[in-house]
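Undergrad: Sharing a structure, written as structure tokens. Questions coming.
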Amino acid sequence: MSRMIEIPQYHLHEEVRVTPARTALVVVDMQNDFVRPGGSLCVPDAEATIPAIGTLLDLARTHGMRVVYSQDTHRDGDPEWQIWPEHAREGSWGWQIVDALAPAENETVLPKVRYDAFYGTPLDHPRLGRRHAGDLRHGGQHLRALHGRQRRASLVRRGDPARRDLRAGPVRP
């Protein structure tokens, strides 16, 4: 089984203007197992994205945007562990969202059991799509998480994608 996937073409925005009341920042799987050294599925350079995502969180919170986190969540006997090493075991250090990006008390954390942050979660609900059409913003691990929602979501990312250089571009309300 190949560990390589092809990422479809996407447009990088130098500047994005949003309506804070109709916008959500979705932080995808920024958990210790994926981001921190010693995590069971640590993504190279993922730790370097924390400051940029933190900047996006600060902007979102300052302007009253809704912030939603996806949290990969697995329990004993999870079939995904037949494909990937054990990771994101509910309640473990690896399952926790990194401290620097910790959700505020009023922010939503959505557990998920699949790679996709939308499929099978409330983010996949059609009523949410109508309420927030066009206004989801993404910061986090998996570009793939946007696969079915690219017509309704924008990726705010600057720099050379091959370097995974994520710096927050100007996001203005």
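Undergrad: Residue 90: touching a helix residue (DSSP H, G or I) at 6+ places or on another chain (Cβ under 8 Å) and touching a residue at least 12 places away in the same chain (Cβ under 8 Å), yes or no?
TA: Numbers: touching a helix residue (DSSP H, G or I) at 6+ places or on another chain (Cβ under 8 Å): no; touching a residue at least 12 places away in the same chain (Cβ under 8 Å): yes.
When the stated conditions are applied, residue 90 does not pass them.
Undergrad: Look at residue 29 and say whether it is touching a strand residue (DSSP E or B) at 6+ places or on another chain (Cβ under 8 Å), in contact (Cβ under 8 Å) with a residue 60 or more places away in the chain, surrounded by 13 or more Cβ atoms within 10 Å (Cβ to Cβ) and among the acidic types (Asp, Glu).
TA: Spelling it out, residue 29 is indeed touching a strand residue (DSSP E or B) at 6+ places or on another chain (Cβ under 8 Å), in contact (Cβ under 8 Å) with a residue 60 or more places away in the chain, surrounded by 13 or more Cβ atoms within 10 Å (Cβ to Cβ) and among the acidic types (Asp, Glu).
Undergrad: State whether one or more residues within segment 39-46 are within 13 Å of residue 103 (Cα to Cα) and not small (Gly, Ala, Ser).
TA: No, segment 39-46 has no match at all.
Undergrad: Could you look through segment 10-30, keep only residues that are assigned to a loop (DSSP other than H, G, I, E, B) and in contact with a His (Cβ under 9 Å, 6 or more places away or on another chain), and pick out the one that is farthest from residue 60 (Cα to Cα)?
TA: Filtering first and then ranking leaves 29.
Undergrad: Considering only residues that are touching a strand residue (DSSP E or B) at 6+ places or on another chain (Cβ under 8 Å) and part of a loop (DSSP other than H, G, I, E, B), look in segment 86-95 and name the one that is nearest to residue 62 (Cα to Cα).
TA: Out of the qualifying residues, it is 95.
Undergrad: Check residue 35 against each of (1) exposed (fewer than 10 other Cβ atoms within 10 Å of the Cβ); (2) under 30 Å from residue 74 (Cβ atoms); (3) touching a residue at least 40 places away in the same chain (Cβ under 8 Å) and name the one condition it does not meet.
TA: (1)
Undergrad: While we're here: Among the numbered criteria (1) buried (at least 18 other Cβ atoms within 10 Å of the Cβ); (2) under 14 Å from the mean Cα position of the chain (by Cα), which one does residue 54 miss?
TA: Of the numbered conditions (1) buried (at least 18 other Cβ atoms within 10 Å of the Cβ); (2) under 14 Å from the mean Cα position of the chain (by Cα), the odd one out for residue 54 is (1).
Undergrad: If you go through segment 93-111 one residue at a time, how many are farther than 12 Å from residue 31 by Cβ and acidic (Asp, Glu)?
TA: Qualifying residue count, segment 93-111: 2.
Undergrad: Still on this model: In a loop (DSSP other than H, G, I, E, B) and over 22 Å from residue 112 (Cα atoms): which single residue out of 39, 64, 77 fits that description?
TA: Exactly one residue qualifies, and that residue is 64.
Undergrad: Quick one: how many residues across segment 96-115 are modelled with pLDDT under 95, farther than 17 Å from residue 58 by Cα and part of a loop (DSSP other than H, G, I, E, B)?
TA: Total meeting the criteria: 3.
Undergrad: Quick one: is residue 33 of a type in the set (D, E, K, R), part of a loop (DSSP other than H, G, I, E, B) and at pLDDT 90 or above?
TA: no
Undergrad: I need a count of the residues in segment 42-59 that are aliphatic (A, V, I, L, M) and within 12 Å of residue 30 (Cα to Cα). Spell out how you get there, then give the answer.
TA: So in segment 42-59, the residues aliphatic (A, V, I, L, M) come out as 43, 46, 48, 50, 52-53, 56-57, 59.
From what is left, the residues that are within 12 Å of residue 30 (Cα to Cα) are 43, 46, 48, 50, 53.
Summing the residues that are aliphatic (A, V, I, L, M) and within 12 Å of residue 30 (Cα to Cα) in segment 42-59 gives 5.
Undergrad: Out of the residues in segment 60-92 meeting the condition of being among the acidic types (Asp, Glu) and over 13 Å from residue 30 (Cα atoms), tell me which one is surrounded by the fewest Cβ atoms within 10 Å (Cβ to Cβ). I'd like the intermediate steps shown before the answer.
TA: Narrowing segment 60-92 to residues among the acidic types (Asp, Glu): 72, 76, 78, 80, 86, 90.
Keeping just the survivors that are over 13 Å from residue 30 (Cα atoms) gives 76, 78, 80, 86, 90.
Values: 76: 8, 78: 17, 80: 15, 86: 15, 90: 13.
Once the filter is applied, the top-ranked residue is 76.
The values are calculated or read from the model by the stated rules, or taken from the named source; none is laboratory data. On a predicted model such as this, the values are computed, not experimentally measured, just so you know. A quick note on method: Cβ atoms are made from the backbone with ideal geometry, for glycine too, and the neighbour counts reach across all protein chains shown.
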